[in-house]
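Reviewing the structure listed below.
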Amino acid sequence: MKITIVGAGAIGGLAGAYMTKAGHDVLLVDRWAEHVRALNDKGLYIDGVRGEMTVPVKAATPDQLKGDLGTVLIATKSQHAVDAITQLVPLLTPESCVVSFQNGFNEPDLIAALDQAKLPGDRIIMGSIPNYGGALVDPGYVEFVHEGPIQLGEMNGESTPRLQALAEALSSLTQVQLSANIWGQIWAKEVYSAQVVFSALADARIHDTLGVERYARVSGAIVREALEIAEANGIKVEAFDFFDPANYRPQKPADTQKLIANINHAIWLLKKDQDGKRHDFKKKGSGIWWDIVYRKRPSEVRSSNGKLIAYGKKAGADTRLNDRLCTMIYEIEDGNRRLGLHNFDELEACVASIGKTLP
């Protein structure tokens, strides 16, 4: 199968390497020229949860693209998704398949960009949620940080030959779960991600953030509000391997304790494959933490969780907790707020002040 992956970071790089190993014709595309040179000269070096390996791969910068791209996976950060597909427009046809292979509510914007280019966006775009994780450490070097499945589906819920073919190709990396409600899966990941954003308010390991019951209760209140935003938009939020929306609607103290147990289980799932004696993991937090602390660059919070808030406001939902959380992240990114546990204390007070403390 011919596949072009735009964005050769951790998510795109890992998918490209494993599909290349399985015999697929994969081209990795990235605007970071030094990374592209390293990929072509030495291959992609991977370490982490599955050990070390180097996979010879093909790579190019966007300006070098030409001809038939095959199936396209957009694996950039969400804030770069529309720019990425706009560059591809001259090489796309009405029969093309382009997959949003990233976090965020990108599919409607990608469809709109194609529609503006007189291409049938709703037919071309496919949705997905990659739930494995990694980090682009250096040019040509990706750390595989945690295992996880891929949710994949046509936006209209149909089962199509192209969906089946791509699922088979991606299964060379990890389990692929086909979804008849991929938009609901995408919403689930973004609702859940509110607590991931919360954990990035401090430069601390997840066991010291979400693993602390007091802080987990605050994050639970934020996710509950995010669920209410989804409901206000008429979205059926789907469960996935470490997230069950039902747990985030506690009615009594025992329900809250069940939620805390669920959060601790999610932490265990994310960390269970990491053998610290065999590998010293460089990425010790979320992708948002990685961008802020390691890469010293803006995260994708504005283009993912920021859109969640916009959806909420448009539907008339209460967005105060998520709005405050995102504002705090923006202040950190802009150099106007310090990372630290004091940020959790501030949000805890905010939760209490508006009557949203969990039972």
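Details
- Hey, residue 25 loosely packed, with under 14 Cβ neighbours inside 10 Å, touching a strand residue (DSSP E or B) at 6+ places or on another chain (Cβ under 9 Å), touching a residue at least 60 places away in the same chain (Cβ under 8 Å) and more than 30 Å from residue 276 (Cβ to Cβ) or not: no
- Wholly enclosed strands (runs of 3 or more DSSP E) of region 23-113 bearing at least 2 residues of a type in the set (A, V, I, L, M) and under 22 Å from the mean Cα position of the chain (by Cα): 25-29, 44-48, 71-74, 98-100
- The selection criterion, being open to solvent by 40 Å² or more (accessible area, probe 1.4 Å), touching a residue at least 12 places away in the same chain (Cβ under 8 Å) and small (Gly, Ala, Ser), does not hold for residue 335.
- Top-ranked residue of region 48-92 - restricted to ones that are out of contact with any strand residue (DSSP E or B) (no Cβ under 6 Å at 6 or more places or on another chain) and charged (D, E, K, R), ranked as most open to solvent (accessible area, probe 1.4 Å): 66
- Qualifying residue in region 123-144 (condition: of a type in the set (Ser, Thr, Tyr), over 17 Å from residue 174 (Cβ atoms) and surrounded by fewer than 17 Cβ atoms within 10 Å (Cβ to Cβ)): no
- Pair list, Cβ < 6 Å and 6+ apart or interchain, from region 294-312 residues that are aliphatic (A, V, I, L, M) to residues that are open to solvent by less than 70 Å² (accessible area, probe 1.4 Å) and assigned to a loop (DSSP other than H, G, I, E, B): 309/319
- Top-ranked residue of region 4-22 - restricted to ones that are open to solvent by 10 Å² or more (accessible area, probe 1.4 Å) and more than 17 Å from the chain's Cα centre (by Cα), ranked as farthest from residue 56 (Cα to Cα): 22
- Residue match in region 292-300 (condition: in contact with a strand residue (DSSP E or B) (Cβ under 8 Å, 6 or more places away or on another chain), within 25 Å of residue 9 (Cβ to Cβ) and either assigned to a loop (DSSP other than H, G, I, E, B) or aromatic (Phe, Trp, Tyr) (or both)): yes
- Pairing each residue of region 154-169 that is on the phi > 0 side of the Ramachandran plot with any residue that is open to solvent by 10 Å² or more (accessible area, probe 1.4 Å) and in a loop (DSSP other than H, G, I, E, B), provided the two are 6+ apart or on different chains, yields C-beta distances under 7 Å for 157/180; 157/181.
- Complete set of residues in region 338-359 that are in contact (Cβ under 8 Å) with a residue 24 or more places away in the chain and outside any helix (DSSP H, G or I): 339, 340, 341, 354, 356, 357, 358, 359
- Residue 115 free of Cβ contacts under 8 Å to residues at least 24 places away in the same chain and either closer than 30 Å to residue 285 by Cα or buried (at least 21 other Cβ atoms within 10 Å of the Cβ) (or both): no
- Residue 246 vs. criteria surrounded by fewer than 15 Cβ atoms within 10 Å (Cβ to Cβ), over 22 Å from the mean Cα position of the chain (by Cα) and either assigned to a helix (DSSP H, G or I) or of a type in the set (Phe, Trp, Tyr) (or both): no
The values are calculated or read from the model by the stated rules, or taken from the named source; none is laboratory data. Computed from a prediction, not measured in an experiment: that's the story for all the values here. So basically every Cβ, Gly included, is an ideal-geometry build from the backbone, and we count neighbours across all protein chains shown. Please note that ligands, DNA and RNA were not included when accessible areas were found on the heavy atoms of the full protein model with its side chains. Shrake-Rupley method; radii C 1.70, N 1.55, O 1.52, S 1.80 Å.
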